[in-house]
Amino acid sequence: MTTSITEHTIGGLRWVVVAGPRLEAFHALGQVARDEIRGVLDGLPERHDLERFAATPQGRTALDRVAVATATAHPTEYGELQALATGAGVDFDTMLLLNLRGDLGADDGTGCSDLGWQRERSFIAHNEDGAPALQGRFMLVALAVDGDVPVTVQWYAGFLPSNTFAVTGHGLVWGIDHVQVGTPAAAPGRHFIARGLQQARSLDAALRYLSTHPSAGGFAYTIGELASRRVVTVEAAAGRVAIVEADPLLWHTNHLRYLDGGVDGGGESLARGRLLDSVALPATEPTPDWFLDLLTSPGVYRNAHDGDPLMTLCSTAVDLTSAEVTLQPRDGPRVTLPLADLADAPGTPPPRASRPRDP
């Protein structure tokens, strides 16, 4: 099996499709995104604080504990990151440190917002918030490696393709929110847990996986399943898990709502949460535009202004009932396409039925 890379564009977002043997595919992805990876690693504002922390005895101990747990429990995903670094020609230790930034107990201040809906129709929606250094280096990546089910993720170059919005060939789709825990568990890094989740065959399998694969740091997953149209949020933080089903609306930002032991994200996450919690529910079933209008509204949408270090890079809504996804990139048009175009992405044709929508 040879490695192939093709590129398309969706709503102005670059979409890189990689297929082939696992390590060769990740090496090739590192090569094709070399400039973006180097730009991200050099431009992330938290890098220097993380490096200073990792140089202290406390930080070195925390980093070694999580790195060893990750390499031991998730050698496949760990090897993918190594191949990515080699292909990009960057230092693996630096890339690993940034991929473990939420697993060390040091506040890295990252964000995102998620919505889920389950009534007559089912939806999930997601804001991907990141540092301004990521703008222009944020893209879609589709992977079909070693016979794995295909997956398409929104990707920050330099990170394992796992810590954002994802669509899998098994009919699962989710968004991920960072949650900062005060005391990480002695467990693998959350990016590596999330990458392994991409092979779950059903929602129930995903819930079992997250319940039996603890992470050092914290993520909140809002997961939808096409087959059942069920929507749940899973808080997986410091070795513990809480599962909540949408009824009809659920929301999540960047603080723990169902588990204790988290931090409030400086209050900004709480403010977004209060706004989302106060939303008047529509009398009839909502549309994807209802979710996107909410996610792009003041107080939820982020612009890296007035002391906020992050900006919203892309807003996404998935209609599980009609099996369609609508993307609203920060600097592009609102575009809708069949979810299957992402779930089956490694086929060579570009998206076949995308259409622009007015924001």
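The values are calculated or read from the model by the stated rules, or taken from the named source; none is laboratory data. Source: prediction; values computed, not measured. So basically every Cβ, Gly included, is an ideal-geometry build from the backbone, and we count neighbours across all protein chains shown.
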Within segment 182-212, how many residues turn out to be surrounded by fewer than 24 Cβ atoms within 10 Å (Cβ to Cβ), more than 17 Å from the chain's Cα centre (by Cα) and not in a helix (DSSP H, G or I)? 7
Hits in segment 36-77 (condition: of a type in the set (S, T, Y) and crowded, with 17+ Cβ neighbours inside 10 Å): T70
Right, T94: of a type in the set (S, T, N, Q) and either within 21 Å of T183 (Cβ to Cβ) or touching a His at 6+ places or on another chain (Cβ under 8 Å) (or both) or not? no
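Scanning for something of a type in the set (S, T, N, Q), out of contact with any helix residue (DSSP H, G or I) (no Cβ under 9 Å at 6 or more places or on another chain) and surrounded by fewer than 21 Cβ atoms within 10 Å (Cβ to Cβ), does segment 4-22 turn up at least one residue?
Yes: segment 4-22 contains one or more residues that are of a type in the set (S, T, N, Q), out of contact with any helix residue (DSSP H, G or I) (no Cβ under 9 Å at 6 or more places or on another chain) and surrounded by fewer than 21 Cβ atoms within 10 Å (Cβ to Cβ).
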Elements of type helices (runs of 4 or more DSSP H) contained in segment 30-80, each with 2 or more residues being in contact (Cβ under 8 Å) with a residue 40 or more places away in the chain and closer than 24 Å to E7 by Cα: 34-43
Report yes if L327 is over 20 Å from L249 (Cβ atoms), touching a strand residue (DSSP E or B) at 6+ places or on another chain (Cβ under 7 Å), crowded, with 19+ Cβ neighbours inside 10 Å and at pLDDT below 95, otherwise no. no
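Quick grid of which residues meet (1) basic (K, R); (2) under 24 Å from T6 (Cα atoms); (3) out of contact with any strand residue (DSSP E or B) (no Cβ under 9 Å at 6 or more places or on another chain):
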{"residue": "G116", "(1), (2), (3)": "no, no, no"}
{"residue": "E120", "(1), (2), (3)": "no, no, yes"}
{"residue": "I124", "(1), (2), (3)": "no, no, no"}
{"residue": "N127", "(1), (2), (3)": "no, no, no"}
{"residue": "G147", "(1), (2), (3)": "no, yes, yes"}
{"residue": "Y156", "(1), (2), (3)": "no, yes, no"}
{"residue": "T164", "(1), (2), (3)": "no, yes, no"}
{"residue": "V179", "(1), (2), (3)": "no, no, no"}
Could you identify the single residue in L29, L50, L23 that is under 21 Å from V149 (Cα atoms), over 20 Å from the mean Cα position of the chain (by Cα) and of a type in the set (A, V, I, L, M, F, W, C)? L23
Residues satisfying the stated conditions in segment 316-346, i.e. in a strand (DSSP E or B), out of contact with any Cys (no Cβ under 7 Å at 6 or more places or on another chain) and in contact (Cβ under 8 Å) with a residue 40 or more places away in the chain: T316, A317, V318, D319, V325, R334, V335, T336, L337
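Considering segment 6-20 alone, what residues qualify as being more than 20 Å from the chain's Cα centre (by Cα) and either within 16 Å of D341 (Cβ to Cβ) or without any contact (Cβ under 8 Å) to a residue 24 or more places away in the chain (or both)?
Keep residues of segment 6-20 that are more than 20 Å from the chain's Cα centre (by Cα), which gives 6-8, 19-20.
Result: T6, E7, H8, A19.
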Out of the residues in segment 213-233 that are buried (at least 19 other Cβ atoms within 10 Å of the Cβ) and of a type in the set (S, T, Y), state the one that is farthest from A125 (Cα to Cα). S215
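Name every residue in segment 1-16 that is of a type in the set (A, V, I, L, M), over 19 Å from C314 (Cα atoms) and in a strand (DSSP E or B), in order of residue number.
I5
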Tell me yes or no: at least one residue of segment 83-105 is farther than 30 Å from Y301 by Cα and within 18 Å of the chain's Cα centre (by Cα). yes
What about V141, is it farther than 21 Å from R330 by Cβ and of a type outside the set (F, W, Y)? no
